[in-house]
Amino acid sequence: MAIDPKKHEMPTQEPSVRAHNFSEVALGYTYEMAKAEAARCLNCKNQPCVNGCPVNVHIPDFISKIKEGDIEGAYDVISLSSSLPAVCGRVCPQENQCEKNCTLGVKFEPVGIGRLERFVADYHNANEKSNVTVPENNGHRVAIVGSGPSGLTCAGDLAKLGYSVTVYEALHTAGGVLVYGIPEFRLPKSIVAKEVDGLKALGVKIETNVVIGKTLTIDELFDLGFEAVFIGSGAGLPNFMGIPGESLKGVYSANEFLTRSNLMKAYRDDPETPIMKGGKVAVVGGGNVAMDAARTALRLGAETVYIVYRRSMEELPARREEVEHALEEGIDFRLLTNPTEIIGFSNPEDARDPRNGFVKGMKCIKMELGEPDARGRRRPVPIENSEFILDVDTVIMSIGTSPNPLIKSTTEGLEVNERGGIIVNEDGLTSRDGVYAGGDAVTGAATVISAMGAGKTAAKAIDEYLSSK
Amino acid sequence: MYKIVTKKCLNPTVTQMEIEAPLVARKARPGQFIILRVHDEGERIPLTVAGTDAERGTVKIIFQIVGATTKLLGEKNENEYISDFVGPLGEATHTEGIKNVCIVGGGVGCAIAMPVAEEFHKLGAKVTSIIGFRSRDLLILEDEFASCSDSLTIMTDDGSYGREGNVTVPLREMLESGEKFDMIITIGPLVMMKFVTLTAKPYGVPVTVSMNPIMIDGTGMCGGCRLTLNVDGKKITKFACVDGPDFNGYEVDFDEAMSRGRMYADFERHAYEATCNLFGKEKN
């Protein structure tokens, strides 16, 4: 049988429909589609895809199980390596990881590994019989700081080994960036809740409303009897550009905009937490967070949403599928463009005019690509006299974050690098004995799966550390 | 869930509650704040800690009913619960080296100023308190201030109690008469803090202001609470939740902070009216 050169297409909501709702965009493969896509896997000997996965899921093995029609078996294979398959199947940048290495991808489109992973996880969640066996307790206690992807992964792996694990979360809901950052239409919150419930069933305790570094310090966690601590506190304060007008009303960080909509449910019809809806919106930045913010603004009723990015489409760091979805939904990409000033409304006749101090436009300059920088990306250079004003009333800055200062400022002997990221060795061990760290708190803003990989590495190291104690 | 242990109305719009939150009670220092949600799905609002009782594991909050969430909170009774209560957040008020302090509080801001005054009194500093209200009905915490202040001046806008006028009048008189404060700490409406700072400026006395901007997470993640400081001619962005809430009054861009504070004025008015209507219906 000839191999289909293309991936089986993912069924999605029509762009014109989904641009006005918060339901999930991608609908998932059917059983038949999954079997047909699985049949494209060559099951090649050297398994390059596995090396492309930060947590090394045994990809050809789980795909073979799908071919056999044993979906639960496929789930068991994935579970050996990943504690959040329904999440990864949705948000991993597969094109830069497993699928990038796929042998089939040399000649054709690679196998839709992410889509298959999602199918397996959703099938399992829909047909699950609760037969979780809580592993025998080994008497050791570990504290996890933060319930995002790295923390949940570390907690899950340790709980499966019999550790008694407590996860401390600063916000009122567990999930970290999966809850406050990634929107419902890309990752339904019910899926995150299900994964968290799965950990609770394994005996993991989750304490919300505890800010480590404030409510309790790392040292106090040891006083409470924890023998090791994993810090997965995530990225911190949003960066701004430092241009005039960034404090005008109508300028948000992407973190704030997304937190209001996702965590605080401001997207609902009658929310208790306000958010600016409608109008013309510019999102500055080109990462996944920028795509999420732009598509959220669109769904909140914006007439026009721009992505303003200083490089070209080729350098855009967002996951390819998100960019494609954004384009289909009508997001207007203003590439090779950089803001220089945000302009506010000011009525010289009336200081009490309620419109005063709100955004009325953003001055931008056109850019061209110059010489490559240290990382090999071509540096954008402004084109003289190319300024123009973009007519907008909301601006969302999505240009990265700086590490949160709360833990390092209250933990003596915890070393951080010049950017404020916690310094760790290859096992995730920090400069403090028994204190491990991973995810954005170490690397700065990165992906869900790399954070999970770090949580996994640390769990293994913590197990070795405590079992040799 | 966090239990409301006591509830007391201080005036028609200001309520005091003690909330059971032992971890917060153990840690909170004057000047720090907490964030609470009244119910699941509710808004997160920051409130400054008005006192703690580590033994009973309670944290005192004092709030004015100004919007939908404070209205909902005000409707709760003793032995009922609120869904979330997290803290202590922000940095505590710095007290080192201050032997002669002037505390200037306005309106419900006095609820935050009071524990700061108490702390300085406990540390043996000379405490001069000036507290201002719109009128006598709105006066709160007079006895508490009296017991921790070496001198207490009460001002009302309409002259219905204490002296008539605003808090800058006695402050200027004191500074004019040669009073050498090490620090003026002011907590209240932004416009009051701005004018306290302007009043102190000619006398070269340092001023600390307590900022209370719009916040969501309160832990240094969303950036909603940012404000601009002018430091040596340069504009610097700071975050009230992790860098504050106390700032050097001479550096704060008050006009920007006042403008940002009104970002959701329309939304808040509608939400408040809707909440009032809801309670109105229930009572009828």
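Values quoted throughout were computed directly from the atomic coordinates according to the rules given, and no laboratory measurement underlies them. Computed from a predicted model, the values in this text were never measured in an experiment. FYI the Cβ positions are ideal-geometry reconstructions off the backbone, even for glycines, and counts take in every protein chain you see.
Structure values in brief
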| item | result |
| --- | --- |
| Trypsin sites (Lys or Arg not before Pro) lying in DSSP loop within the range A:79-167, provided at most 14 other Cβ fall within 10 Å | A:LYS107, A:LYS129 |
| Global form of the range B:44-144, assessed from the alpha-carbon gyration tensor, a/c cut-off 1.5 | oblate |
| Euclidean distance between Cα centres, the range A:99-176 to the range A:183-243, Å | 14 |
| Taking chain A and dividing mean pair separation by its residue count, relative contact order in percent (alpha carbons under 8 Å, at least six apart) | 16 |
| Residue order, fewest to most surrounding Cβ atoms within 10 angstrom, among B:GLU18, A:GLU415, A:GLU24, A:GLU169 | A:GLU415, A:GLU24, B:GLU18, A:GLU169 |
| Long-range Cα-Cα pairs in the range B:2-89 (distance over 17 Å), rounded percent | 40 |
| Where the Cα pairs of the range A:274-395 fall when distances are cut into 10 Å bins, in % | 14, 38, 33, 13, 3, 0 |
| For the range A:240-399: relative contact order, % (alpha-carbon pairs under 8 angstrom, 6 or more apart) | 29 |
| Principal semi-axes in Å for chain A [√(5λ), Cα gyration tensor, largest first] | 37, 29, 21 |
| Rounded if a/c under 1.5, otherwise prolate or oblate - the range B:164-284, Cα gyration tensor axes | oblate |
| Residue order, fewest to most surrounding Cβ atoms within 10 angstrom, among A:THR273, A:THR173 | A:THR173, A:THR273 |
| Inverse of mean 1/r across different Cα pairs in the range B:135-201, Kirkwood, Å | 13.0 |
| Calculated diffusion of chain B, Stokes-Einstein form, Kirkwood radius summed over Cα pairs, 10 °C and 1.306 mPa s, µm²/s | 82 |
| Normalised convex hull volume, the range A:68-165, alpha-carbon set, Å³ per residue | 122 |
| Neighbourhood net charge (12 Å Cβ-Cβ; Lys/Arg +1, Asp/Glu -1) for A:ALA36 | +2 |
| Inter-label distance, nm, simple model (7 Å from Cα along the C-beta direction), A:LEU327/B:GLU142 | 7.2 |
| Least to most buried among B:LEU141, A:LEU80 (fewest other Cβ within 10 Å first) | A:LEU80, B:LEU141 |
| The range A:1-139 - convex hull of the alpha-carbon atoms, volume per residue in Å³ | 151 |
| Over the range B:93-210 - Rg/Rh using Cα atoms and the Kirkwood inverse-distance radius | 0.93 |
| Lysine pairs in the range A:168-251 with Cα atoms under 21 Å, if 8 or more residues apart or on separate chains | 4 |
| Relative contact order %, chain B, counting alpha carbon pairs below 8 Å whose residues are six or more apart | 17 |
| Summed residue charge, Cβ within 12 Å of A:ALA302's Cβ, Lys/Arg positive, Asp/Glu negative | 0 |
| Cross-link partners of B:LYS234 among aspartates and glutamates (Cα-Cα below 13 Å; sequence separation of 8 or more within a chain) | B:GLU251, B:ASP253 |
| Cβ-based net charge around B:ARG172, under 12 Å, with every Lys or Arg adding one and every Asp or Glu removing one | -2 |
